[in-house]
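Reading through the structure tokens given below for one structure.
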Amino acid sequence: PQGESRVPFGVNVLSQDVPVQANYDGKGGGWVASVLVGELQAGDGFFTPQQGSQIVVKCILGKFYGKNQVGSDVVTDKATTIDGHDAWLVESKLTFDIPGLQTKGERLIVAIAQASPERSGLFYASIPDTTPELLQPARDALSQLTVDG
């Protein structure tokens, strides 16, 4: 796992990446499958897990894909629990056509668990369509989460 700095309001965010396609853009850029966990702090206002998931998904689509057009077909958007804590789960099938990139889509999984009134936990996975064998390990990681706080 390595530190991740692209998550607004994120604290102690770590990600684990699997390289999928090196230098896809001819400028040294690499595409990865990844799983990320961390703590979210709501800033000046507190949010529910559902509101947090909506915010996080918008941030991911805006930050992780640059200026590329991304389609999103939501397949799951529901309340759940993680380790006995209220949570919200969003799973989407993303589609895109990024120059030089072999994959044309990936599975996005976002789960927000409320650890306390002021803090929430974040789980995020992005698994490119070209590596479907990594989807089940990402789902397994989500099912094994524990919540501290």
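The values are calculated or read from the model by the stated rules, or taken from the named source; none is laboratory data. What you see is a predicted model; the values in this text were computed from it and never measured. No Cβ is skipped: glycine too gets one built from the backbone with ideal geometry, and neighbour counts run over all protein chains shown. Side chains are part of the model used for accessible areas, which takes the heavy atoms of the whole protein and leaves out ligands, DNA and RNA. Shrake-Rupley method; radii C 1.70, N 1.55, O 1.52, S 1.80 Å.
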Taking the Cα centre of the chain as the origin, how large is its charge dipole in debye, to the nearest 20, when only Lys and Arg (+1) and Asp and Glu (-1) carry charge on their Cβ atoms? 400
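Order these peptides, 64-71, 119-126, 15-22, by their mean beta-carbon neighbour count within 10 angstrom, highest first.
Top to bottom by mean Cβ count within 10 Å: 119-126, 15-22, 64-71.
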Give me the aspartates and glutamates in straight-line cross-link reach of LYS93: C-alpha distance below 20 Å, same-chain residues under 8 apart excluded. ASP17, ASP73, ASP77, GLU106, ASP129, GLU133, ASP140
For LEU135, what charge total do you get from the other residues with a beta carbon under 14 Å from its beta carbon, if Lys and Arg give +1 and Asp and Glu give -1? -2
Restricting to lysines and to Cα separations under 18 Å from LYS27, and discarding same-chain partners fewer than 8 apart, the set is LYS67
For GLU106, GLU39, write out the residues from largest to smallest accessible area, computed with a 1.4 angstrom probe and no ligands counted. GLU39, GLU106
Selection from VAL110, GLY121, THR95, by position along the positive dipole direction of segment 77-149 (Cβ): THR95
Helix axis angle, 49-63 relative to the chain longest principal axis, alpha carbon, degrees: 20
If amide hydrogens are placed 1.01 Å from N in the peptide plane, which non-local residues have theirs closer than 5 Å to the one on ASP86? GLN114
Geometric extent, Cα atoms of segment 1-143 - Rg, Dmax (angstrom): 14.9, 46
On a full-extension model of 0.36 nm per residue, what is the gain between LYS104 and VAL18, subtracting their alpha-carbon distance, rounded to one decimal in nm? 29.2 nm
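Under the 0.36 nm per residue contour assumption, what length would be gained going from the current alpha-carbon distance of TYR65 and LEU145 to full extension? Walk me through the intermediate numbers first.
Working: separation 80, 0.36 × 80 = 28.80 nm, distance 2.63 nm.
Full-extension gain reported as 26.2 nm.
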